[in-house]
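*Asks:* Below: one structure in structure tokens.
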Amino acid sequence: MTDTNTFEPKIVAYVCNWCTYLGADLAGTSRMEYPPNLRIVRLPCTGRIDFNLIVKAFEMQADAVLVSGCHPGDCHYNAGNYHARRRWILFRDLLDLLGFDMRRIHFSWISAAEGRKFQQVVSEITEKTRELGPYRAYQEKKVAYPQFPESLMPLGDFSTEDKLRETAHRLLGEGRVQVVIGYGERGPVFVTRPENADKLVWNKNCLTNLPAYLKRKEITSLGKAAIVVKGCDERALTVLEQESQVERENLYVIGMACSGLGAPKCAGCDVRQPRFADQVIGEAKPADAADHYAALDVLMAMSPEERMGFWVEQFDRCVRCYACRQVCPMCYCEQCLVEKNRPQEIDTSPTRKGNFAWQIVRAFHQAGRCVGCGECTRACPAGIDLWALNLVLARSADKNFQYKAGMEKTAELLIGTYSTKDKEEFIR
């Protein structure tokens, strides 16, 4: 047990310049006493408090973190705290899955006039952290590999391969498209001549999410493209369109009805029949009612220390090859955050802290965008269970905001928008 008489916790507070910081100033000028354990980092707005800063604080051996800003409706920039609240809701669920001690992460609204509340919040957090003792994230703990629910689906109907080839031959022959992006025997193929349409295949190995290629210059230079998509791939295409990354009128979409490829990535898939394609080939069997979030319950049944131990073992295998980034259709930035060095936010070497930071950033950048295709997991040469990080964020979006990425073309994006009714039970 920690000796609370000798242990003094180090608490990092990220605060809004216009409200909480002034509330702290008011507490000081009013001679209100509170523990000196707080290290304040002042930022213009809670909307500018990057989630990576919370991770960085624990990397630097902080024992607790406080994030605080203006009350909803009082933001100096109108809506910064509303946007922050939505991100916090999602980010808390991700940190919980990873095994962080959620008792050490605090959120509070404190206005410039609430010096007394600032005093009380800091005092309560300090006392609670003293009781918890020192915190060191990323600690090893041997745990048995979880027994996740069986997720293999029966193979679908692949008799529509000839119809796919006929369609590609016709589109190229008529000059309606200059290239067909589809599946070949050994991976993606880019067919530019009608006579090569027989290179296209439709079988259980057609796993790649092909919209990932649409942003590549060598593909766009070929001219108007036709692209083969499954239901999950079509969701990715919809998200890219919502984010103004593709122009739908410059594409011809060939939808392939998919009743399951017999792969774990198909578990619980609720989009088998493409809905927005220019042409749909085949008819998919209805999706079953399998709970595709059930695998998360296996992890959440562990203690936080066991979950952290599980992810430490997983992420220690990461060699930072970035295969997960390369295959993801949502990772289209010309320069990734991990490659920026002015300042360098994430350690680029495969250290434990660097790997945690990278995987957290990668996953959270997919919040409200990941379509559950599972390509990141399939491409990982180290066999890391990346699907769980994406899935917990998908469940959080579904549960808290009734949002599923790529399901509706007219839906507003999850991140970048907000509702005044977003929950805030976790904020004091």
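The values are calculated or read from the model by the stated rules, or taken from the named source; none is laboratory data. This structure is a prediction, so every number in the text was calculated from the model and none was measured. Please note: Cβ atoms are built from the backbone with ideal geometry, for glycine as well, and neighbour counts cover all protein chains shown. With ligands, DNA and RNA removed, areas are computed over all heavy atoms of the protein, side chains included. Shrake-Rupley method; radii C 1.70, N 1.55, O 1.52, S 1.80 Å.
*Asks:* I'm checking my understanding of the structure. Among residues of the stretch 369-428 that are surrounded by 21 or more Cβ atoms within 10 Å (Cβ to Cβ) and polar (S, T, N, Q), which one is farthest from the chain's Cα centre (by Cα)?
*Replies:* Of everything passing the filter in the stretch 369-428, S396 is farthest from the chain's Cα centre (by Cα).
*Asks:* Name the single residue, out of those in the stretch 48-72 being touching a His at 6+ places or on another chain (Cβ under 9 Å) and within 19 Å of D422 (Cα to Cα), that is surrounded by the most Cβ atoms within 10 Å (Cβ to Cβ).
*Replies:* Within the stretch 48-72, the match that is surrounded by the most Cβ atoms within 10 Å (Cβ to Cβ) is S68.
For every residue, the table says whether it meets (1) in contact (Cβ under 8 Å) with a residue 60 or more places away in the chain; (2) open to solvent by 50 Å² or more (accessible area, probe 1.4 Å); (3) not β-branched (V, I, T).
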{"site": "E161", "(1), (2), (3)": "no, no, yes"}
{"site": "E166", "(1), (2), (3)": "no, yes, yes"}
{"site": "H169", "(1), (2), (3)": "no, yes, yes"}
{"site": "G173", "(1), (2), (3)": "no, yes, yes"}
{"site": "D198", "(1), (2), (3)": "no, yes, yes"}
{"site": "L207", "(1), (2), (3)": "yes, no, yes"}
{"site": "K217", "(1), (2), (3)": "no, yes, yes"}
{"site": "S221", "(1), (2), (3)": "no, yes, yes"}
{"site": "A225", "(1), (2), (3)": "no, no, yes"}
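*Asks:* Of the residues that sit in the stretch 206-254 and are hydrophobic (A, V, I, L, M, F, W, C) and assigned to a loop (DSSP other than H, G, I, E, B), which one is nearest to L172 (Cα to Cα)?
*Replies:* L222
*Asks:* Now, a different point. Does D93 qualify as being without any contact (Cβ under 8 Å) to a residue 24 or more places away in the chain, part of a helix (DSSP H, G or I) and either of a type outside the set (G, A, S) or buried (at least 18 other Cβ atoms within 10 Å of the Cβ) (or both)?
*Replies:* no
*Asks:* Give me a count of the residues in the stretch 302-318 that are within 7 Å of G99 (Cα to Cα) and touching a helix residue (DSSP H, G or I) at 6+ places or on another chain (Cβ under 8 Å).
*Replies:* 3
*Asks:* Quick check on my filter: what residues within the stretch 106-141 are open to solvent by less than 10 Å² (accessible area, probe 1.4 Å) and closer than 19 Å to G69 by Cα?
*Replies:* Across the stretch 106-141, the qualifying residues are F107, S108, W109, I110, G115, F118, V121, V122, I125, T126.
*Asks:* While we're looking at this one, here's another question. Return the residues of the stretch 196-231 that are farther than 16 Å from Y332 by Cα and charged (D, E, K, R); say none if nothing qualifies.
*Replies:* Hits for the stretch 196-231 are D198, K199, K204, K224, K230.
*Asks:* Test of understanding: among A84, A112, A64, A57, which residue is more than 25 Å from N400 (Cβ to Cβ) and aliphatic (A, V, I, L, M)? Before the answer, list the steps.
*Replies:* Values: A84 fails: more than 25 Å from N400 (Cβ to Cβ); A64 fails: more than 25 Å from N400 (Cβ to Cβ); A57 fails: more than 25 Å from N400 (Cβ to Cβ).
Result: A112 is the single residue among A84, A112, A64, A57 that is more than 25 Å from N400 (Cβ to Cβ) and aliphatic (A, V, I, L, M).
*Asks:* Could you give me the residue pairs with C-beta distances under 7 Å whose first residue belongs to the stretch 387-403 and is charged (D, E, K, R), whose second residue is not in a helix (DSSP H, G or I) wherever it lies, and which are 6+ apart or on separate chains?
*Replies:* Within 7 Å, the pairs are R395/Y293; D398/K404.
*Asks:* Could you identify the single residue in R116, R86, R103 that is in a helix (DSSP H, G or I), in contact with a Phe, Trp or Tyr (Cβ under 7 Å, 6 or more places away or on another chain) and not small (G, A, S)?
*Replies:* R86
*Asks:* State all residues of the stretch 288-298 that are part of a loop (DSSP other than H, G, I, E, B) and either open to solvent by less than 60 Å² (accessible area, probe 1.4 Å) or touching a Lys or Arg at 6+ places or on another chain (Cβ under 8 Å) (or both); if no residue qualifies, say none.
*Replies:* Correct list: A290, H292, Y293.
*Asks:* Please indicate, with yes or no, whether at least one residue in the stretch 66-76 is assigned to a helix (DSSP H, G or I) and under 30 Å from G368 (Cβ atoms).
*Replies:* no
*Asks:* In the stretch 299-364, which helices (runs of 4 or more DSSP H) lie fully inside it and hold 3 or more residues that are open to solvent by 20 Å² or more (accessible area, probe 1.4 Å) and under 28 Å from P211 (Cα atoms)?
*Replies:* Those helices (runs of 4 or more DSSP H) span 323-327.
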